Amino acid sequence: MRGEPIDRLPNIAITMMKAADEIGVPYKTYALDAEAHARGQLAICRKYGIDHVSGISDPAVEAADLGAAVVYRDDAPPAIDDGNALLADTTRLAGLKVPDPWEGPRMRKRIDAIARLRKEVDGQAVEGWIEGPIAEACDLRGVSTIMTDFYDDPSFVRDLVAFVIEVGMAFARAQIEAGADYIGVGDAAASLIGPELYREFAWEYERKLVDELHRMGVPVRLHICGNITPLLSMLSDVKADIVDLDSMVSVKEAREKLGPERCLTGNINPVAVLRNGTPALVAARLEECFGDAGGRFYAVAAGCEVPRDTPEQNLHAMARFAHAHLPRGAPGAL
């Protein structure tokens, strides 16, 4: 991220359900229990040569502590009850307060997991995680409903996004205090709204959030699932230190739009390549990504989360690729 010498490429694959399976616990346990979460992250990262441990488990954490209805399933990620949205009545927004992350049970669990990981890791970075402005706004209002709000009630959307930014900053600060080295921002829904609406409703807030996290002293990883190609020019001004690229985004175009010194991750297809492919295919696709990124400022990862039934040999292939490559121009680089 800083352009300093490194001994090999970092492997910062996102693992959640795979981590729970690695230690044999139902995903509900992983999502709600800090000890299980930390144990799962340590186990999977040590086994598969992943260079970070992460606090991420699901996107419903902040919303749950704000009072949103969340569906908890035994062996699947918690999910927002979109048909019973917390802000089905928009007037409720005025009564919402930024929760204390140390008091909210779901946020506190992530904080505790990070604190446990901070004590246990040896050489791995600890990644905190918060929801981005559009993703969290969708969690509170409902995905379908907010899509019409952009046109029918734009002032409400701006007020909502401003509020969730405050929630995210408070949550990130608590994770940093617990030991997070950097913060991931998951704003999956931002890829759904297109460049015009992103510019009007998200761009300013995404920049504000990243700038504030930098003032807290940590780098930022921006993760927007889906096709962000139409947003790349704007994301060049969102100064995230790492930008995750999903499999439908051209790494070469992202490099052109985001500049030569932005760290890019991805973007092999999590299913077609990582889950269903062979170690040789994984290595070949990563080689393509590395080349398209210019051979520098690149971190190994899939386009999104590692699927839970990904073959072990394919995860080992990711690690081998990372361990065998240096940025171009570095002594000993391939």
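If you take all other residues with their beta carbon under 14 Å from the beta carbon of Asn269, and give Lys and Arg +1 and Asp and Glu -1, the sum is -2. When the charge dipole of the stretch 17-324 is built from unit charges on Cβ atoms (+1 for Lys and Arg, -1 for Asp and Glu) and taken about the Cα centre, the candidate among Asn269, Tyr198, Ala188 whose Cα reaches farthest toward its positive end is Asn269.
What's the whole-number percent of alpha carbon pairs in the stretch 92-241 lying beyond 18 angstrom? Every Cα pair in the stretch 92-241 considered, those over 18 Å come to 57 percent. Give, to the nearest whole percent, the P(r) tail of the chain beyond 30 angstrom, counting all Cα pairs. Percentage above 30 Å: 31.
Of all DSSP bridge pairs formed entirely within the stretch 17-324, close to 10 percent run antiparallel. Label separation (Asp159 vs Leu93): 0.6 nm, computed from points 7 Å beyond Cα along the C-beta direction. Measuring nothing but how far apart in sequence close Cα pairs (under 8 Å, 6+ apart) lie, relative to its length, the chain scores a relative contact order of 19 percent. Residues Asp122, Asp81 in ascending order of nearby Cβ atoms (within 10 Å, fewest first): Asp122, Asp81. Close lysine pairs were tallied over the stretch 17-324: pairs 8 or more places apart or on different chains with Cα atoms under 25 Å apart number 16. From least to most packed, judged by other beta carbons within 10 angstrom and beginning with the fewest, Thr278, Thr15 follow the order Thr278, Thr15. Within the listed set Gly186, Gly217, Gly294, the residue fluctuating most in the Gaussian network model of the chain (springs between alpha-carbon atoms under 10 angstrom) is Gly217. Looking at the stretch 1-109, the chymotrypsin sites (Phe, Trp or Tyr not before Pro) that sit in a DSSP loop and have at most 15 other Cβ atoms within 10 Å of their own Cβ are Tyr72, Trp102. Note on the chain: GNM, Cα springs under 10 Å; of Arg108, Arg39, Arg92, the largest mean-square fluctuation is that of Arg92.
Computed from phi, the 3J(HN,Hα) profile of the stretch 92-106 under the Karplus parametrisation 6.51, -1.76, 1.60 (θ = phi - 60°) reads 5, 4, 4, x, 7, 10, 5, x, 6, x, 6, 9, x, x, 6 Hz, with x in place of Gly and Pro. Considering only Phe297, Phe156, Phe321, the Gaussian network model of the chain with Cα springs below 10 Å gives its largest mean-square fluctuation to Phe156.
None of the figures in this text is laboratory data; all of them are computed from the coordinates on show. Quantities reported herein were computed from a predicted structural model and do not represent experimental measurements. Neighbour counts run over all protein chains shown; Cβ positions are idealised from the backbone, glycine included.
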